[in-house]
Amino acid sequence: DATSNWLWMLAKAHVSSNDAGVHQLVNHWLRTHATMEPFILAAHRHMSAMHPIFKLLHPHMRYTLEINALARQSLINADGVIESCFTPGPVSGEISAAYYRNHWRFDLEGLPSDLIRRGVAVEDATQPHGVRLLIEDYPYANDGLLLWSAIRSWVESYVQLYYPDAGTVQCDLELQGWYHESIHVGHGDLRHAPWWPPLSTPVDLASILTTLVWLASAQHAALNFGQYPLGGYVPNRPPLIRRLLPDLERDAAEYAAFLADPHRFFLNAMPGVLEATKFMAVVDTLSTHSPDEEYLGEGRDEGGVPWTADEAAVAAHGMFAADVRRAEETIERRNADHGRKNRCGAGVLPYELLAPSSPPGVTCRGVPNSISI
């Protein structure tokens, strides 16, 4: 009936509003921007620019410290955009802190482990990625596993060139200093947690680096570059709700006003013009690729200067670039497959957030190498 339908729409708006806060404060800010920062700072403090692991990580650290500093000045600061435009308001920082303290685990931040943790996949050694999805048509997971696999293969090939055995990992003082400071200083509050992966073997190193590259590139892209295309129309995903669901027992007059004009009640629950336009401007900026963006799998040379003189490393990166191109072709085919109802059909947007390439601007696609916006 009409009344239940309006109540259901209001309920969905409330859920969407709460989820928008979790998206911004936990999944976006905390789990990519904030938790990557200690690894980037420690890399610059402990590893030479000539160190092979610094060279591997270098494109994935571009601009992140700068954008995080800007976020602290105007987005996540007290009375900043997040506190002003999102439902959590002044407790926004506490939400990030509480999730970090009680739930964040580096060993579960890789894609397969995260899918298992969230209950949408189970371990399955017969599958190419070691996991079986419980939701078959799940675009983020389907495409993400393609990129995860490409990143893992590239990192494992690169690590093997310089670390053929456990002794080479354990005796690398720069590498061990980087990882120790990342945990014991950068993530000092959690330094005694038992789940930190060890750094003793080439397998350990490749696993840690694969997670870091994934977070800086594909994970951040999936969370960030669809914000304006999917949420810029505020009633579709309101970041802030100003009225509770109407309840006859709590407030009979308010419930009567809802029955008399549910459309007006719904719009009055939405953010005001100031909050809405501020939010729209911010997510438009966050969703925009800069003209000088560097995307996953692209060439790594800077200003015509080769990133390495090691021909084996150059060849391994060439194979990675080919894997990324094949992943993009697969994503294009999936988006044209009418059997995939969550990404193809009347009025359904193709899922391109993990399509690696993109022109500049707001495109709802493209996987930059680093968290640069």
| request: Can you give me the number of residues within segment 331-351 that are touching a helix residue (DSSP H, G or I) at 6+ places or on another chain (Cβ under 7 Å) and assigned to a loop (DSSP other than H, G, I, E, B)? | output: 6
| message | Within segment 66-81, take every residue that is among the small types (Gly, Ala, Ser) and in a helix (DSSP H, G or I) and give me the one that is least open to solvent (accessible area, probe 1.4 Å). | response | Ala71
| task | State the number of residues belonging to segment 273-329 that are exposed (fewer than 13 other Cβ atoms within 10 Å of the Cβ) and β-branched (Val, Ile, Thr). | result | 3
| said: I'd like to verify a number: residues in segment 352-364 that are open to solvent by less than 40 Å² (accessible area, probe 1.4 Å) and in a loop (DSSP other than H, G, I, E, B), how many? | reply: 7
| request: Kindly provide the set of residues from segment 211-251 that are farther than 24 Å from Leu145 by Cα, open to solvent by 60 Å² or more (accessible area, probe 1.4 Å) and in a helix (DSSP H, G or I), ordered by number. | output: Tyr228, Asn236
| query | In segment 90-166, which helices (runs of 4 or more DSSP H) lie fully inside it and hold 1 or more residues that are open to solvent by 30 Å² or more (accessible area, probe 1.4 Å), in contact (Cβ under 8 Å) with a residue 40 or more places away in the chain and not β-branched (Val, Ile, Thr)? | reply | 92-102, 139-162
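The values are calculated or read from the model by the stated rules, or taken from the named source; none is laboratory data. Everything quoted here is computed from the prediction, not taken from an experiment. Note: ideal-geometry Cβ built from the backbone for every residue, glycine included; neighbour counts use all protein chains shown. For accessibility, only protein heavy atoms count, side chains too; no ligands or nucleic acids. Shrake-Rupley method; radii C 1.70, N 1.55, O 1.52, S 1.80 Å.
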